1. Here's a check for you: in the stretch 107-118, which residue that is open to solvent by less than 50 Å² (accessible area, probe 1.4 Å) and not β-branched (V, I, T) is nearest to L6 (Cα to Cα)?
2. Only one of S231, S244, S214 is small (G, A, S), open to solvent by 20 Å² or more (accessible area, probe 1.4 Å) and out of contact with any helix residue (DSSP H, G or I) (no Cβ under 8 Å at 6 or more places or on another chain). Can you tell me which?
3. What residue, of L63, L85, L6, L47, is open to solvent by 10 Å² or more (accessible area, probe 1.4 Å) and of a type in the set (A, V, I, L, M)?
4. Out of the stretch 27-42, which residues are surrounded by fewer than 21 Cβ atoms within 10 Å (Cβ to Cβ) and in a strand (DSSP E or B)?
Amino acid sequence: MPVTNLKHKIKIEKSLTKKTTMLSGNSFGIYFCLTADYNAVVYFKPLNDFFPDTAFEVKKGILLNFERDLIEEDDVEYALDVMTLFNKQPQLVLKTPKQVAKVKNAINLVVEEYNTAASYIMMKTLLKVLLLSLIRIGNENFIAQDLKQKRVFDFLELMETSFLKETKANYYAKELGITEKRLNQILTEKLNLTAKQIIQQRQITEAKRQLVKSEITIKELAFELGFESLSSFSRFFKKHTGVSPSKFSVDLK
């Protein structure tokens, strides 16, 4: 992928303020505050959410902001682990010098690649190493969340494995043991989106990923995503992206 395109997928800045613009609402954000050798803090911005207010009090750090499709891979377990990392804890405390050093080394490699050749494959690889490091530390230092936050995570985890077959919000509400109205209340409060909107967002992300891979036809993709016809999928895709699936594919070449 050309460097110019990659810069639309990931950006790195040296500070975070409430005026900082994210790549999109549907992007991940990590703010690293690594000035101390221990008890350093890493703040998370989940998809369609915001950094915790305490993150804006830190004047010096490294902001890493990247689009969701940089982690959309065939490795579903990895994608789910990333979702867990961002949705179960608003911040991660690096309690030991070893943890701080490990994260510093990983983020420095990402920054170096970003500032030089910015290879798409290399960036995805280094980003994965960084995220896996944070996931491992996060598993060691789990921070309990309230029930609503757990509902959000459970919904996102279930959707990640079921959205190709199940696109109705009522299905997810039943699986979670709550009403569809309650599910939408929680998601709207936490993510400012309804279940239907989040599912559609996920469908668009998957559609773009498949169109980039070009391993199946657009018609096959439409049926894989649960649409009854190519025309209904094309209308859906254009409504959310501004271009048709075929135009999107042509623009990639």
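The values are calculated or read from the model by the stated rules, or taken from the named source; none is laboratory data. Everything numeric here is computed off the predicted structure, so don't read it as measured data. With ideal geometry, Cβ positions are generated from the backbone for all residues, glycine too; neighbour counts draw on all protein chains shown. In case anyone asks, the SASA skips ligands and DNA or RNA and just uses the protein heavy atoms, side chains included. Shrake-Rupley method; radii C 1.70, N 1.55, O 1.52, S 1.80 Å.
1. Top of the filtered list is A118.
2. On the way: S244 fails: out of contact with any helix residue (DSSP H, G or I) (no Cβ under 8 Å at 6 or more places or on another chain); S214 fails: out of contact with any helix residue (DSSP H, G or I) (no Cβ under 8 Å at 6 or more places or on another chain).
After applying the criteria, what remains is S231.
3. Numbers: L63 fails: open to solvent by 10 Å² or more (accessible area, probe 1.4 Å); L85 fails: open to solvent by 10 Å² or more (accessible area, probe 1.4 Å); L6 fails: open to solvent by 10 Å² or more (accessible area, probe 1.4 Å).
It is L47.
4. Going residue by residue through the stretch 27-42, those that are surrounded by fewer than 21 Cβ atoms within 10 Å (Cβ to Cβ) are 27, 33-39, 41.
Within the stretch 27-42, S27, C33, V41 meet the criteria.
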